[in-house]
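First up is the structure itself, then whatever we jot down about it.
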């Protein structure tokens, strides 16, 4: 009963964090401020670059959780009490179809589908997408052979750290924070896609019709140009499912974390959610 009470309390706190977050308000404002197709495409490309950073980091976080034997354990079970795989499985749900959308014949990945939206919109507005992609949104440093994403560098570092990757060792406490970080990212993503779809349907309804009837070939696969937005947005979109699975990861974390090692996992989860909310706001304010 105590665990159930704690779970209810933390869900209320998480709801408050999401309600206080201004990231999606900033994203809506950025879209509304655009006064030309080129400006809209600029915001769209920045958002595509942002959204495409998550899948690889979530995959890495799943590996981190799974490999941390004994982190999550059900002590009421005499056999097979390990729960790492259960928690990791809830996080993993965010990756279903990301690397190959099973609802489409050619199973294109979602990165390809996102760029199909950009290319389709560029075709509609008669803007060269290669010019957009190369000159406005990333710079290539030939001497260091690396790519610096304009406006994304600081976010990339913080996103990687939030998911316990890179040079940041996956200590048990950081994994607990990562669970809250992941919950906030998936929950706020629902509002991102809703904002994008709402704006496009109001400002550029003919563009939406064009995208729904257009396919773009990327990586030798046919990619419906509006599918990326359509599959993520709305109450029937996959982001709602991902957020629900992330909440289950939070509940399992509270139920199965080692209380000898982690006295109050709920505080770490809340700290992780707050952390993502803050970096989400910082990025969206400048998208």
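Here residue 33 meets each of (1) modelled with pLDDT of 90 or more; (2) farther than 16 Å from residue 287 by Cα with one exception, condition (2). Does residue 208 satisfy the condition of being farther than 25 Å from residue 18 by Cα and touching a strand residue (DSSP E or B) at 6+ places or on another chain (Cβ under 7 Å)? So residue 208 fails the test. One residue alone among 249, 245 is within 14 Å of the chain's Cα centre (by Cα), surrounded by 17 or more Cβ atoms within 10 Å (Cβ to Cβ) and touching a residue at least 60 places away in the same chain (Cβ under 8 Å), and that residue is 245.
Within region 43-54, not a single residue is free of Cβ contacts under 8 Å to residues at least 60 places away in the same chain and either on the phi > 0 side of the Ramachandran plot or out of contact with any helix residue (DSSP H, G or I) (no Cβ under 7 Å at 6 or more places or on another chain) (or both).
If only one of 45, 62, 87 is under 23 Å from residue 153 (Cβ atoms), part of a helix (DSSP H, G or I) and modelled with pLDDT of 90 or more, which one is it?
Working: 62 fails: under 23 Å from residue 153 (Cβ atoms); 87 fails: under 23 Å from residue 153 (Cβ atoms).
Within the list 45, 62, 87, the selection yields 45.
Does residue 267 fit the bill of being surrounded by fewer than 19 Cβ atoms within 10 Å (Cβ to Cβ), in contact (Cβ under 8 Å) with a residue 24 or more places away in the chain and part of a helix (DSSP H, G or I)? It is false that residue 267 is surrounded by fewer than 19 Cβ atoms within 10 Å (Cβ to Cβ), in contact (Cβ under 8 Å) with a residue 24 or more places away in the chain and part of a helix (DSSP H, G or I).
Meeting the requirement of 1 or more residues that are on the phi > 0 side of the Ramachandran plot and at pLDDT 95 or above, no helices (runs of 4 or more DSSP H) wholly within region 104-221 can be named.
Scanning region 199-239 for residues that are closer than 19 Å to residue 28 by Cβ, surrounded by fewer than 18 Cβ atoms within 10 Å (Cβ to Cβ) and within 24 Å of the chain's Cα centre (by Cα) turns up 201, 234, 235.
Looking at the structure I just gave you, is residue 92 part of a helix (DSSP H, G or I), at pLDDT 95 or above and within 22 Å of residue 165 (Cα to Cα)? Taking the combined requirement at face value, the residue satisfies it. Only a single criterion out of (1) more than 30 Å from residue 9 (Cα to Cα); (2) in contact with a strand residue (DSSP E or B) (Cβ under 9 Å, 6 or more places away or on another chain); (3) assigned to a helix (DSSP H, G or I) is not satisfied by residue 252, namely (1). Take the conditions (1) within 18 Å of the chain's Cα centre (by Cα); (2) closer than 30 Å to residue 211 by Cα; (3) touching a residue at least 24 places away in the same chain (Cβ under 8 Å); (4) surrounded by fewer than 17 Cβ atoms within 10 Å (Cβ to Cβ); residue 105 misses just one of them, which is (1).
Test residue 71 against the stated conditions and say whether it is modelled with pLDDT of 95 or more and buried (at least 20 other Cβ atoms within 10 Å of the Cβ). So residue 71 fails the test.
The values are calculated or read from the model by the stated rules, or taken from the named source; none is laboratory data. All of these numbers come straight from a predicted model, not from anything done at the bench. Neighbour counts run over all protein chains shown; Cβ positions are idealised from the backbone, glycine included.
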